[in-house]
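Before any comments, here is the structure.
Values in this text are rule-based calculations from the coordinates and carry no lab data. Everything numeric in this text was worked out from a predicted model, so none of it was measured. Note that each Cβ is placed from the backbone with ideal geometry, even for glycine, and that neighbours are counted across all protein chains shown.
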Amino acid sequence: MELLIDVASWICLLTGGFVGITGAIGLFRFPDIYTRLHASSITDTSCMGLIMLGLILQAGLSVLLLKLLLVMLILAYTSPTVAHILIKTARREGPEPILDNKEVES
Amino acid sequence: MKVVINFGIILTGFWLINSGYFKPLLLGFGFLSVVIVIAITWRMKEKDGEFFPLIMMSLRLPGYLLWMIGQIIKSNMDVIRRIWLGSKSISPTIVTCKAGQKSDAGKVLYANSITMTPGTITMSIHDDILEVHALTRQAAKDLQLGEMDRRVTVLEDV
């Protein structure tokens, strides 16, 4: 049982790390600030969720578990707020977004 | 009064989680700070009218959260795939969509849910029109079908 939980926890942590690296790569690959924010929202949601899930499995049933859930809740509140502030400021002061005009929609 | 009791319970829970000690002295300090925080918030109520707008009290909230987690996982996989495919595979779009919620808390929840889902970010809100930047045309189209809007609007009723 102990081993099973350890394995599950490591799978979560490693996948979370991979997703975090993917988000960082997307930050460099995408063309402008608007699309880059989409890449960074990956690290805010699934990378955070997977790493927290891995740590929760390590923590077991204790006060630490509740603390980790609290951290998750706070991140879930703050990260969309920050993303919204960034994109709103970029829209007002920054460059025009690069839009896709290849096909005109009806 | 009901709001004060709810708020007190939440603050006490917050204190207990963060301290993890159950000695009488520390519990006393905890009780004191909960009372002080409630008193300060009570004074603020006279200033801006809203006492505790952070959480929408609804019985359907857990169901919505579960659906939301599924949605986040789905769009995460899509965005991860597009990152590895490179910037040829994206088609950035700005669309407007209508928020059907009546209260401010409902609109905030809807706008934040859009931002939480990777691939779509809310840029601005004017009354009930949201301006959304989407990473792909498909994500924008899915949003305009309005399933998330409907689910958030239902939360307001209960």
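Which one of B:148, B:29, B:87 has its Cα pushed farthest toward the positive end of the charge dipole of chain B, where Lys and Arg give +1 and Asp and Glu give -1 at the Cβ?
Of the candidates, B:87 comes out farthest on the positive side.
Averaging over every viewing direction, what projected area does the convex hull of the Cα atoms of the range B:61-157 cover, in nm²?
The number I arrive at for the range B:61-157 is 5.7 nm².
Taking the Cα centre of chain A as origin and charging only Cβ (+1 Lys, Arg; -1 Asp, Glu), how large is the dipole, in debye to the nearest 20?
Around 260 debye, computed over chain A.
Of B:45/B:107; B:74/B:107; B:102/B:141; A:67/B:74; B:2/B:23; B:2/B:74, which pairs sit farther than 30 Å apart, going by alpha carbon to alpha carbon?
Correct reply: B:2/B:74.
Mind checking the range B:1-39 for chymotrypsin sites (Phe, Trp or Tyr not before Pro) that DSSP puts in a loop (not H, G, I, E or B) and that have at most 16 other Cβ atoms within 10 Å?
Sparse-neighbourhood loop chymotrypsin sites (Phe, Trp or Tyr not before Pro): B:21, B:22.
Could you state the angle between the C-alpha long axis of helix B:104-116 and the longest principal axis of the C-alpha atoms of chain B, as a value from 0 to 90 degrees rounded to the nearest 10?
60
In vacuum, with every alpha carbon of chain A counted as one equal point scatterer, what does the Debye formula give for log10 I(q)/I(0) at q = 0.20, 0.24 Å⁻¹? Two decimals, please.
-1.03, -1.23
Based solely on its DSSP helices, what 222 nm [θ] is calculated for chain A when runs of n ≥ 4 H residues each add -39,500 (n - 2.57) and the sum is averaged over all residues, nearest 500 deg cm²/dmol?
-26500 deg cm²/dmol
About its Cα centre, what dipole magnitude does the range B:11-158 give when the only charges are +1 on Lys and Arg Cβ and -1 on Asp and Glu Cβ, stated in debye to the nearest 20?
With only Lys, Arg, Asp and Glu charged at Cβ, the dipole is about 460 debye.
Could you work out how far helix A:63-93 tilts from the main Cα principal axis of chain A, as a 0 to 90 degree angle to the nearest 10?
10
Which whole-number percent of Cα pairs in the protein assembly as shown have a distance greater than 36 Å?
So the portion of pairs separated by more than 36 Å is 24 percent.
Rounding to the nearest 20 debye, state how big the charge dipole of the protein assembly as shown is about its Cα centre with +1 on each Lys and Arg Cβ and -1 on each Asp and Glu Cβ.
Here the protein assembly as shown has a charge dipole of around 240 debye.
If you count, for every residue in B:113-121, the Cβ atoms of partner chains within 10 Å of its Cβ, what is the mean?
6
Could you pull the Rg and Dmax for the range B:2-48, using just the Cα atoms, both in Å?
11.7, 37
Just to confirm the number: angle between the C-alpha axis of helix B:61-85 and the first principal axis of chain B, 0 to 90 degrees, nearest 10?
40
Express the C-alpha Rg of the range A:28-81 as a ratio against the empirical globular expectation 2.2 N^0.38 Å, rounded to two decimals.
1.39
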